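Working notes for the structure below.
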Amino acid sequence: MTNAEAQPMQDMDVDVAVIGAGTAGMAAYRAAARRTSKVVLIEAGAYGTTCARVGCMPSKLLIAAADAAHHAREAEPFGVRAKVEIDGRAVMDRVRRERDRFVGFVLDAVEAFPEEHLLRGRARLVEPGELAVGPVRVKAKAIVVATGGAPWVPPEFEAIRDRLVVNDDVFGWEDLPSSVVVFGAGIIGLELGQALHRLGVRVHVFGRNDSVGPLRDPVVRETARAIFGAELPVEFSADVRLIAPDPQSSGVMVDFIDREGTPRTEKFAVALVATGRRPNLAGLGLEVVGLGPDVAVDRTTMQWGESHVFFAGDVTDDVPLLHEAADEGAIAGESAAECALVGAPRPGSRRSGLAIAFSDPAMAIVGGGWEAASKGRFIAGQVDFGAQGRSRIILQNRGVARLYADPVTRRFLGAELVGPRAEHLAHLLAWAHQAAMTVDQMLAMPFYHPVVEEGIRTALRDVVARLDGKRVEPDAS
Ligand SMILES: Cc1cc2nc3c(=O)[nH]c(=O)nc-3n(C[C@H](O)[C@H](O)[C@H](O)COP(=O)(O)OP(=O)(O)OC[C@H]3O[C@@H](n4cnc5c(N)ncnc54)[C@H](O)[C@@H]3O)c2cc1C
């Protein structure tokens, strides 16, 4: 029997119990285990994490195949001609094979944990400091809840409930379907919708409102809507009248009013519902702790109120991203161990905000983005990548970056962008943000030529010109 299958059946008495062996839970377990050997990691489902099994990694694998097809198709203006043929089985085979490889690394990590620290089953609080996991009772001085989230399907999909798929299902496909309707124009909907479109699948994306991926800045949103709307059939603020099973097939039919105001009915082989994810809180028995759902989780200790319960990862419904789940897990594990051993949690430090959607062009938010900057007075400067030198050379000259600065301290407050190499630009900007740099300090940094980063210099110069002219944006709060 391997560690991952071992199952202690006797009751346990531990300092720290971690519920959920995803990214956050594994980080919490490792942090707690550095402080105490009396720790248990409880997992109800399959080991391997959401990120590796059905999240970050397989979605980026699908996007990589789509990018390959897209670049071959788009080579013509360079004088390079390629005939593109998509082998759906080969695409999905690589996605699954590489996904399994990534999952394998996680399984190896779990395998290396001492088997007496692993417990399989669904954990539920039965009283403060005591969990039931099947027949096993676990007394714990502190508990870390790292149960992740799950796709959320709103009630309007009831009629097609037995026909729809969620993102988790996509990566199990053996072949690409002929057509897919994607509900949701958030990060997951746009990433998967655009990738499938580029892989030759007939796709139509329906968003509920005017939001695009993670973006909040109205200027960047508008640009992104125009870019994605020009490439693929996507209705933002979609007017969908009917979603129903197609009586002639195993697929679905959608009645909607298109962008031109024309009523249309389209049929699709597959309906992918990507309308968001919700924290896995049901059935955890958190009510026994005696705290209401309004009690906040402290972002520096991950402690829930004054209780001995800590939260980490997507279950917090705060920033559902991999690196945040890992950081929160480490903080929660350390804090929980401190709480168990010395009676008080230990605050950890958080990083500057960074969110990236791997669409093409990519979208990114740095710091708190527009939402945080616009809570107070701010100056926004921007670059339009349409005329940016290197972006034009590589024919990826679409998009905009908006950078925000404090009008008094000149400190860089954050940014939102859609454009070429946005995943890398966003990292530069996030590092500057975390270093608490002013826009003048950022402009004093080296910029090579010709690079897409020169676009950031243009935006910084625009911010500085506005700062010096004191043309302050209206307070949007
Ligand atoms: C399609 C997709 C693409 C994504 N792409 C990116 C990306 O590019 N970059 C990025 O940063 N993030 C991305 N994410 C988000 C990222 O995957 C998550 O933020 C991260 O995986 C959350 O980790 P977690 O530990 O909170 O949850 P999980 O990894 O889901 O772990 C939770 C675990 O808890 C277990 N569990 C639940 N309830 C119980 C219980 N009662 N008892 C015992 N065990 C329980 C579950 O079985 C699960 O194993 C993506 C997500 C999706 C869905």
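The values are calculated or read from the model by the stated rules, or taken from the named source; none is laboratory data. No experiment lies behind these values; they were computed from the predicted model shown. Using ideal geometry, Cβ is built from the backbone for each residue, glycine included, and neighbour counts are taken over all protein chains shown.
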Residue in the stretch 61-71 that is more than 15 Å from the ligand (Cβ to nearest atom) and in a loop (DSSP other than H, G, I, E, B) present: no
Pair list, Cβ < 6 Å and 6+ apart or interchain, from the stretch 147-164 residues that are within 16 Å of the ligand (Cβ to nearest atom) to residues that are among the aromatic types (Phe, Trp, Tyr): Leu164/Phe157
One residue from Ala364, Ala326 being touching a residue at least 24 places away in the same chain (Cβ under 8 Å), surrounded by fewer than 22 Cβ atoms within 10 Å (Cβ to Cβ) and within 15 Å of the ligand (Cβ to nearest atom): Ala326
Members of the stretch 305-323 found to be within 16 Å of the ligand (Cβ to nearest atom) and either of a type in the set (Asp, Glu) or closer than 22 Å to Gly292 by Cβ (or both), listed by number: Val309, Phe310, Phe311, Ala312, Gly313, Asp314, Val315, Thr316, Asp317, Asp318
Residue count, the stretch 44-61 (criterion: under 21 Å from Pro177 (Cβ atoms) and touching a Leu at 6+ places or on another chain (Cβ under 7 Å)): 1
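When you go through Val84, Val54, Val103 one by one, which is the residue that is away from the ligand (no atom under 16 Å from the Cβ) and modelled with pLDDT of 95 or more?
Testing whether each residue is away from the ligand (no atom under 16 Å from the Cβ) and modelled with pLDDT of 95 or more leaves just Val84.
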Counted residues, the stretch 118-162 - those being within 30 Å of Gln248 (Cβ to Cβ) and within 25 Å of the chain's Cα centre (by Cα): 8
Val205 in a helix (DSSP H, G or I) and under 28 Å from Pro320 (Cβ atoms): no
Residue within the stretch 11-18 that is touching a helix residue (DSSP H, G or I) at 6+ places or on another chain (Cβ under 6 Å), part of a helix (DSSP H, G or I) and either within 16 Å of the ligand (Cβ to nearest atom) or of a type in the set (Val, Ile, Thr) (or both) present: no
Every pair of residues 6+ apart whose Cβ atoms lie under 6 Å, when the first sits in the stretch 119-132 and is more than 7 Å from the ligand (Cβ to nearest atom) while the second is basic (Lys, Arg): Glu130/Lys139; Ala132/Arg124
Single condition Ala344 does not satisfy, out of (1) free of Cβ contacts under 8 Å to residues at least 40 places away in the same chain; (2) more than 9 Å from the ligand (Cβ to nearest atom); (3) crowded, with 21+ Cβ neighbours inside 10 Å: (3)
Hey, Ala336 touching a residue at least 40 places away in the same chain (Cβ under 8 Å) and more than 22 Å from the chain's Cα centre (by Cα) or not: yes
Filter pass, Val452 being in contact (Cβ under 8 Å) with a residue 60 or more places away in the chain, buried (at least 20 other Cβ atoms within 10 Å of the Cβ) and more than 22 Å from Ala372 (Cα to Cα): yes
Ala46 being more than 13 Å from the ligand (Cβ to nearest atom) and on the phi < 0 side of the Ramachandran plot: no
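Could you check, for the stretch 212-223, whether at least one of its residues is under 25 Å from the mean Cα position of the chain (by Cα), among the charged types (D, E, K, R) and either within 30 Å of Met26 (Cα to Cα) or surrounded by fewer than 17 Cβ atoms within 10 Å (Cβ to Cβ) (or both)?
yes
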Restricting the stretch 224-254 to residues that are over 13 Å from Phe183 (Cα atoms), touching a Lys or Arg at 6+ places or on another chain (Cβ under 9 Å) and not aliphatic (A, V, I, L, M), the residue that is surrounded by the most Cβ atoms within 10 Å (Cβ to Cβ): Gly251
Helices (runs of 4 or more DSSP H) (entirely within the stretch 84-202) containing at least 2 residues that are surrounded by fewer than 22 Cβ atoms within 10 Å (Cβ to Cβ) and charged (D, E, K, R): 88-111, 167-170
Selection status of Ser359, among the polar types (S, T, N, Q) and either without any contact (Cβ under 8 Å) to a residue 60 or more places away in the chain or within 12 Å of the ligand (Cβ to nearest atom) (or both): yes
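Conditions tested, residue by residue: (1) out of contact with any strand residue (DSSP E or B) (no Cβ under 9 Å at 6 or more places or on another chain); (2) modelled with pLDDT of 95 or more; (3) within 18 Å of Ala357 (Cβ to Cβ).
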position	(1), (2), (3)
Val400	no, yes, yes
Gly414	no, yes, yes
His427	no, yes, yes
Thr438	no, yes, no
Met445	yes, yes, no
Pro450	yes, yes, no
Val463	no, yes, no
Qualifying positions in the stretch 260-286 - more than 14 Å from the ligand (Cβ to nearest atom) and without any contact (Cβ under 8 Å) to a residue 60 or more places away in the chain: Glu260, Gly261, Thr262, Pro263, Arg264, Thr265
